[in-house]
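None of the figures in this text is laboratory data; all of them are computed from the coordinates on show. As the structure is a prediction and not an experimental result, all values here were calculated from the model. Don't worry about glycine lacking a Cβ; one is built from the backbone with ideal geometry, like all the others, and counts go over all protein chains shown.
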Amino acid sequence: MVVYYSLSGNTAKVAKEIAAGAGADLFAIEMKRPAVEGVTRDDLVSLQVPDWEKYDTVYLGYPIWSHFAAVPMQYFVEDNDFTGKRVVPFSISSSTGAGQSAARLRHSAKGGKWLKGFSFFADTGRDEILAALRKE
Ligand SMILES: Cc1cc2nc3c(=O)[nH]c(=O)nc-3n(C[C@H](O)[C@H](O)[C@H](O)COP(=O)(O)O)c2cc1C
């Protein structure tokens, strides 16, 4: 399962490549009204993935906002139980990289075996994404 949040489409593009490469289902975290400041849980459409229990591996894709994961992904990890799952975070940033974003998500989450994951830039191409997946 690939769960992602994307404001301007870059993370969505990478998430779709990963889902196609890994043969995984996709779940988009969506906002009722796109915003980057003052975002609360009420601004999100749903944080519940259908059939969440059946997935062993969850990729989590998010843009970097001010050096950390975009707020909607922060809410997603706080609201879901990752016990028994492998978690593979991947971030998309324009220049600064993943930083401590994945560590913060891991500390906020209930359970899960969190792998190092990936850090991509907004212009990362399909071949580079698939090569990174193969090295996982
Ligand atoms: C509020 C906000 C804060 C951002 N902060 C950073 C940052 O700290 N470092 C960085 O490299 N890019 C930063 N960016 C750029 C995004 O990470 C980048 O444009 C990303 O590709 C957006 O992904 P999306 O198209 O899936 O929304 C920020 C973007 C926004 C909207």
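Once you keep just the Cα pairs under 8 angstrom separated by 6 or more residues, what percentage relative contact order results for the chain?
Numbers: 250 pairs, mean separation 33.3, N = 136.
Result for the chain is 24 percent.
If N is the number of residues in the stretch 7-60, what value comes out of its Cα radius of gyration divided by 2.2 N^0.38 Å? Provide the component values of the computation, followed by the final result.
Details: Rg = 12.8 Å, N = 54, 2.2 N^0.38 = 10.0 Å.
Relative to the 2.2 N^0.38 Å estimate, the stretch 7-60 comes out at 1.28.
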### Task
With only alpha-carbon atoms counted, please give the Rg and Dmax of the chain, in Å.
13.5, 38
### Cα→Cβ-extended label distance, 7 Å offset, between Lys135 and Glu78, nm
3.4 nm
### Message
One quarter of the convex hull surface, Cα atoms only: what value does that give for the stretch 64-136 in nm²?
### Response
4.9 nm²
### Task
Taking amide H positions as placed in the peptide plane 1.01 Å from N, state which residues far from Phe118 in sequence (5 or more) or on other chains have amide H under 5 Å from it.
Phe90, Ser91
### Message
Checking the cross-link filter: which lysines have an alpha carbon closer than 28 Å to that of Lys85, excluding same-chain neighbours under 8 positions apart?
### Response
Lys13, Lys16, Lys54, Lys110, Lys113, Lys116, Lys135
